[in-house]
Amino acid sequence: MNTFITDETVQLSEMKFRLLVSALFLTTLFTPIIIPVVAQPNHTLEWGVDLEERFTYVLQREYYADASSESFIQGQLQFLAEIQLGEKFILEIESLETIEDQINESLQIPLSYCNFRRAGDDSIFWQDQVGFVLPIEDWDFLEELEGASGQDFTETQDEWGTMRSGVLPGVGGTDISVYIETRYEKENGTLTYLRHRYSTLGSDLIDVIIAQWHTGMPTVIGGEIQLATILIITISGLTAAIVAFLVYRYVKGKKSIVQMLGE
């Protein structure tokens, strides 16, 4: 069987080819090109600690005016019921949440989960606790997120921290001053200092200080307290007043990450 290829056949084939190329070009030209866009991080936070890393702490100060004051603060800082004044204990990093690229509110700040071990026998007495280690490298960003919670901030070359203070109306018209301070080491984000202090008429009702311990540091620090100036009726009304204050703060604004220390 013979096949005849004429000039008309060749021209027709070339025309079809050019039409096909043109169609493909136009299709490519007018088809939207989808380029994946990755949102840029709005912070530079990162973890400064490793899993299973350990840090030593000490209960440097512990004062309660009476049993009800002690019960109240132990409800806020539960580990106080497990340690004695001057006792050292170990914080161990158990797990660290993933730091997301976009963080838009304080509740999205990633959490660290820590265990507390006794310095002597290494047994765990407090587990899965948060708030003792923060991500580092963007303290201005953390301050911006936490600024709406009504606390003040302090910062040095080595530490970043928060300070919260207020006045509670005590029973009998005597005010109760409240002061809570936390400090974190900028190098690794670990808590270096925590103080809860409640006082009235110039005397303490509660004063607790936890500090990260290093060689040469005192394990106990003292304080002058004039117990005679404390009104018994004020002491008896302390717990109810403080609870009302904390409930008010919770309703008024979101809890900051440092408030989680009391949970």
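The values are calculated or read from the model by the stated rules, or taken from the named source; none is laboratory data. Predicted, not measured: the structure shown is a model, and the values here were computed from it. Don't worry about glycine lacking a Cβ; one is built from the backbone with ideal geometry, like all the others, and counts go over all protein chains shown.
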Within region 119-146, residues under 22 Å from residue 50 (Cβ atoms) and assigned to a strand (DSSP E or B) come out as 124, 126, 127, 128, 129, 133, 136
Quick one: count up the residues across region 114-138 that are of a type in the set (A, V, I, L, M, F, W, C) and in contact (Cβ under 8 Å) with a residue 60 or more places away in the chain. 6
Kindly indicate which of 205, 201, 142, 134 is at positive phi and surrounded by 14 or more Cβ atoms within 10 Å (Cβ to Cβ). 201
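Please state which one of 206, 210 is closer than 21 Å to residue 72 by Cβ and touching a helix residue (DSSP H, G or I) at 6+ places or on another chain (Cβ under 7 Å). Steps first, answer last, please.
On the way: 210 fails: touching a helix residue (DSSP H, G or I) at 6+ places or on another chain (Cβ under 7 Å).
When all the criteria are applied, what remains is 206.
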Take residue 134 and tell me if it is at pLDDT 95 or above and in contact with a strand residue (DSSP E or B) (Cβ under 6 Å, 6 or more places away or on another chain). yes
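Go through 10, 37, 49 for me and flag whichever is modelled with pLDDT under 95, more than 17 Å from residue 208 (Cα to Cα) and surrounded by 10 or more Cβ atoms within 10 Å (Cβ to Cβ).
Working: 37 fails: surrounded by 10 or more Cβ atoms within 10 Å (Cβ to Cβ); 49 fails: modelled with pLDDT under 95.
Answer to the selection: 10.
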Among the residues that make up region 95-113, is at least one of them touching a Phe, Trp or Tyr at 6+ places or on another chain (Cβ under 9 Å), touching a residue at least 24 places away in the same chain (Cβ under 8 Å), part of a strand (DSSP E or B) and loosely packed, with under 15 Cβ neighbours inside 10 Å? yes
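Which of the residues that make up region 55-75 are assigned to a loop (DSSP other than H, G, I, E, B) and in contact with an Asp or Glu (Cβ under 9 Å, 6 or more places away or on another chain)?
Keep residues of region 55-75 that are assigned to a loop (DSSP other than H, G, I, E, B), which gives 65-66.
Correct list: 65 only.
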